[in-house]
Amino acid sequence: MGRPDPEEGQLPAPVKPPDGGWGWIVLLGCFVITGFSYAFPKAVSVYFKELMKDFHVGYSDTAWISSIMLAMLYGTGPVCSIMVNQFGCRPVMLIGGLLASAGMILASFTTNIIELYLTAGVLTGLGMALNFQPSLIMLGTYFDKRRPLANGLAAAGSPVFLSSLSPLGQVLLEKFGWRGGFLIMGGLLLNCCTCGAVMRPLDMGMKRKMGKAQDKYEAKEMLPIGGKSEEGISTTDGTKKGKKAKKKPKKGKKLLDFSIFSNRGFIIYTISKFILVLGLFVPPILLVNYAKDTGVPDTEAAFLLSIIGFIDIFARPACGMVAGLKWVRPHVAYLFSFSMLFNGLTDICSARASNYTGLVIFCVFFGISYGMVGALQFEVLMAIVGSQKFSSAIGLVLLIEAFAVLIGPPSAGRLVDALKNYEVIFYLAGSEVVLSALFLGVASYCCLNRGKKEPPPEHNPPAGGGSDTEEAESDVQEAEEHSSDNHQPARSTDNAVVVANEEANHVAEEQRGEGGGCPAGDGEVLARDGCNADQMVERDSF
């Protein structure tokens with residue numbers, strides 16, 4: 001049967017993920033990008049105290065820096081999806097690395113908080129967004145069976161970088177001030193360009209070779225005579241080249257696919273993630289200043305984030321391995337719901353921690369639960385929408401989450417300035433996370449499972465009549481498409497059939513002229529045989 005041609009508007013068939021090979025290099029690049037994207041907005045909070053003194057602003061004003069970074073990381077999701085679908089992952093990531101570095105370098109020369117918002121917030125956040133989303137798309141392209149493990153390992157970049165960037169930021173702050181620290185951080189962000197350079201798209205060369213071989217095989221089957229088969233092959237190749245040069249794509253790849261909103265699982269996931277983000281990032285952003293206000297030294301306060309990062313390093317790959325088990329992977333959404341519930345209860349139970357020991361215990365449990373959430377969030381989305389629609393799905397999800405990012409941490413900072421009490425903030429953040437967990441679990445069970453248990457009634461006609469009709473219609477469509485691709489060989493075949501029919505008719509007339517004629521049954525048999533011959537030739541040509 002005929003193959004759909006990508007140049008005629010059909011999307012190229014997806015290449016099978018190798019689940020290894022160069023994919024491990026892509027995984028390493030995704031590890032670094034994820035580390036910078038998630039850890040950097042939190043690590044910048046080390047500089048907030050000095051920024052408050054230099055610019056004479058409150059904590060809520062400085063908290064906007066991290067919020068704007070995260071908002072750009074999330075809010076520019078659709079823009080990233082369009083750019084990736086248009087230009088590919090590698091060019092977008094290279095540009096993103098340059099923008100992220102330039103933002104922090106320019107931030108070191110700012111003179112007011114507004115300029116800091118535009119440079120460290122908008123420019124650096126945009127650069128990290130242009131790196132983060134394409135890296136996840138490439139990871140889903142290279143891994144399928146090992147995808148939960150790959151997502152867990154890539155997500156481990158966040159705690160690794162968080163445990164290193166926070167102490168590094170404290171050291172840079174003490175030796176070079178916040179301006180020198182921002183300048184050096186900008187240099188570190190240039191490593192994003194290196195990560196973008198290794199994001200090599202999967203080679204389509206093998207697909208093209210297989211397609212060409214199949215075309216030659218079809219040509220040989222269509223014209224089995226030795227000398228003419230080569231002519232058929234060259235004619236087919238020439239026809240293909242001429243068609244590709246003349247015809248334009250009828251239907252290209254969508255830059256942003258909104259059809260995913262018809263997926264109930266995607267809607268449930270998006271709502272739960274919006275509620276989750278309202279409170280998920282609040283505790284780690286406020287933790288350092290909370291510890292400092294309770295009398296913990298600055299170095300030990302910054303070390304709390306390192307504890308979260310250290311625990312998180314092992315929690316994410318371990319959770320990815322568990323999610324990849326055969327009996328767990330079909331129910332990964334419920335595991336994700338449990339991880340969110342665990343995280344929210346950790347915030348609520350640790351709200352009254354008033355000494356360093358209590359904060360350390362909170363960091364241990366928060367690191368475990370936060371790692372589980374980080375390892376599963378994109379794996380669940382990939383499982384819901386599939387790899388083909390993931391680039392559009394993640395862009396739309398991140399855009400919706402951006403509003404929650406702009407609401408959550410700034411509101412928490414404003415409440416801290418008004419109430420001078422961190423306990424209420426931890427209760428509020430934990431309650432939001434628990435609510436998101438309950439919504440995801442209950443909605444998935446009630447809506448999705450009920451839909452699976454009560455499938456729409458299927459029409460089962462006797463003797464498979466309906467399925468035969470559908471197959472016949474599909475065969476006719478494929479035959480028409482393939483006959484248009486190979487019209488010259490088909491024309492030569494039709495001419496051969498016409499000549500054969502004319503010779504048969506001439507022989508029949510001679511027989512009638514000799515006086516015998518032939519009975520009607522013979523004529524019917526001849527017509528029937530001729531029809532069968534035509535069908536066989538046409539079937540072979542297809």
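The values are calculated or read from the model by the stated rules, or taken from the named source; none is laboratory data. Since this is a predicted model, take the numbers as computed values, not measurements. Please note: Cβ atoms are built from the backbone with ideal geometry, for glycine as well, and neighbour counts cover all protein chains shown. With ligands, DNA and RNA removed, areas are computed over all heavy atoms of the protein, side chains included. Shrake-Rupley method; radii C 1.70, N 1.55, O 1.52, S 1.80 Å.
Looking only at segment 147-174, which residues are farther than 14 Å from Ser306 by Cα and either acidic (Asp, Glu) or not in a helix (DSSP H, G or I) (or both)?
Correct list: Glu174 only.
Please go through (1) open to solvent by 50 Å² or more (accessible area, probe 1.4 Å); (2) among the hydroxyl-bearing types (Ser, Thr, Tyr); (3) within 30 Å of Cys447 (Cβ to Cβ) for Ser354 and return the number of the only condition it doesn't satisfy.
Condition (3) is where Ser354 drops out.
Restricting attention to segment 348-389, which residues are in a helix (DSSP H, G or I), of a type outside the set (A, V, I, L, M, F, W, C) and under 30 Å from the mean Cα position of the chain (by Cα)?
First, pick out the residues of segment 348-389 that are in a helix (DSSP H, G or I): 348-349, 356-385.
Remaining after also requiring of a type outside the set (A, V, I, L, M, F, W, C): 356-358, 367, 369-371, 374, 377, 379.
Passing the criteria: Gly367, Ser369, Tyr370, Gly371, Gly374, Gln377, Glu379.
For Asp144, indicate whether it is charged (D, E, K, R), in a loop (DSSP other than H, G, I, E, B) and either at pLDDT below 90 or open to solvent by less than 70 Å² (accessible area, probe 1.4 Å) (or both).
Values: charged (D, E, K, R): yes; in a loop (DSSP other than H, G, I, E, B): yes; either at pLDDT below 90 or open to solvent by less than 70 Å² (accessible area, probe 1.4 Å) (or both): yes.
Judged against the criteria, Asp144 is a match.
Given the conditions (1) farther than 30 Å from Gln388 by Cα; (2) surrounded by fewer than 18 Cβ atoms within 10 Å (Cβ to Cβ), report the number of the one that Val328 does not fulfil.
Here Val328 clears every test but (1).
Among the residues of segment 237-245, is any modelled with pLDDT under 80, within 30 Å of Gln377 (Cβ to Cβ) and open to solvent by 30 Å² or more (accessible area, probe 1.4 Å)?
Taking segment 237-245 and keeping what is modelled with pLDDT under 80, we get 237-245.
Narrowing the set further to residues that are within 30 Å of Gln377 (Cβ to Cβ) leaves none.
Within segment 237-245, not a single residue is modelled with pLDDT under 80, within 30 Å of Gln377 (Cβ to Cβ) and open to solvent by 30 Å² or more (accessible area, probe 1.4 Å).
Criterion first (under 22 Å from Phe132 (Cα atoms), among the aromatic types (Phe, Trp, Tyr) and touching a residue at least 60 places away in the same chain (Cβ under 8 Å)) does Tyr370 satisfy it? Before you say what the answer is, go through the steps one by one.
On the way: under 22 Å from Phe132 (Cα atoms): yes; among the aromatic types (Phe, Trp, Tyr): yes; touching a residue at least 60 places away in the same chain (Cβ under 8 Å): yes.
When the stated conditions are applied, Tyr370 passes them.
Kindly list the number of the only condition in (1) closer than 22 Å to Phe281 by Cα; (2) surrounded by fewer than 21 Cβ atoms within 10 Å (Cβ to Cβ) that fails for Ile114.
It is condition (1) that Ile114 fails.
Look at Asp417 and say whether it is assigned by the TED database to the domain that holds Leu345 and either of a type in the set (Ser, Thr, Tyr) or modelled with pLDDT under 85 (or both).
Details: assigned by the TED database to the domain that holds Leu345: yes; either of a type in the set (Ser, Thr, Tyr) or modelled with pLDDT under 85 (or both): yes.
It is true that Asp417 is assigned by the TED database to the domain that holds Leu345 and either of a type in the set (Ser, Thr, Tyr) or modelled with pLDDT under 85 (or both).
One line per residue, one yes/no per condition, for (1) surrounded by fewer than 16 Cβ atoms within 10 Å (Cβ to Cβ); (2) modelled with pLDDT under 55:
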residue: Leu183; (1), (2): no, no
residue: Pro201; (1), (2): yes, no
residue: Arg208; (1), (2): yes, yes
residue: Tyr217; (1), (2): yes, yes
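Would you check which residues across segment 407-434 are out of contact with any Asp or Glu (no Cβ under 9 Å at 6 or more places or on another chain), under 27 Å from Val380 (Cα atoms) and surrounded by fewer than 18 Cβ atoms within 10 Å (Cβ to Cβ) and list them?
Across segment 407-434, the qualifying residue is only Ile407.
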